[in-house]
1. Among the residues of the range 157-208, what is the count of those that are assigned to a loop (DSSP other than H, G, I, E, B) and either in contact with a strand residue (DSSP E or B) (Cβ under 6 Å, 6 or more places away or on another chain) or within 11 Å of the ligand (Cβ to nearest atom) (or both)?
2. Could you grab me the full set of residues in the range 103-129 that are part of a strand (DSSP E or B) and within 15 Å of the ligand (Cβ to nearest atom)?
3. Quick check on this structure: which one of 86, 40, 60 is over 15 Å from residue 128 (Cβ atoms), in a helix (DSSP H, G or I) and modelled with pLDDT of 95 or more?
4. I'm told residue 152 meets every condition in (1) farther than 28 Å from residue 186 by Cα; (2) buried (at least 17 other Cβ atoms within 10 Å of the Cβ) except one. Can you identify the failing condition by its number?
5. Exactly one condition in (1) at pLDDT below 95; (2) assigned to a helix (DSSP H, G or I) is not met by residue 31; state its number.
Ligand code: URA
């Protein structure tokens, strides 16, 4: 991917996103739409997967048919909201390998602290897609990518539903080699670090917590 930020403007993505943003949308509908939208976003973020060919026989003749090359891609969910995007993506890419990164924010330093980290092996040979619905300050995203690079990942992409300009700038500064794919670049963050106009707390909305 050449550009650092790709906004997926497909009408289906934008329509579903609008319903997800609305405060009256129920948990069940929010979850279903997230599932659907993540498959559309998965299409975009995997566009540059390496291909090779395999000799196959159709009922009529032989051909060299295109197939994915190399190791299975790795999807890395940033807990907990990342799991909502992950579920839909696995519907489209069921053979993907999956990892999880758990980070919390230290209230004194405001820096992300790791509490869980489990990722597939051979990350250096896989396309690695980090999923988190909300790219807000970008601190936890940048920290997650730091950890993945320490584990050898080289070909990393970041997939989110909404991005704030602050988060995009933070990622560009920390990881200019990591393209971001999102359904919307929103306006800004509020004082509490929420994206405006946003959709609220993505984890709360998908799991029905407060
Ligand atoms: N995380 C969320 O769930 N929502 C925001 O607006 C920002 C971060």
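1. Number satisfying all stated conditions: 16.
2. Answer for the range 103-129, where residues must be part of a strand (DSSP E or B) and within 15 Å of the ligand (Cβ to nearest atom): 103, 104, 105, 112.
3. 40
4. Against the list (1) farther than 28 Å from residue 186 by Cα; (2) buried (at least 17 other Cβ atoms within 10 Å of the Cβ), residue 152 comes up short only on (2).
5. Evaluating residue 31 over (1) at pLDDT below 95; (2) assigned to a helix (DSSP H, G or I) leaves (1) as the failure.
The values are calculated or read from the model by the stated rules, or taken from the named source; none is laboratory data. Since we're looking at a predicted model, the values are computed, not measured. Virtual Cβ from ideal backbone geometry, glycine too; neighbours counted across all protein chains shown.
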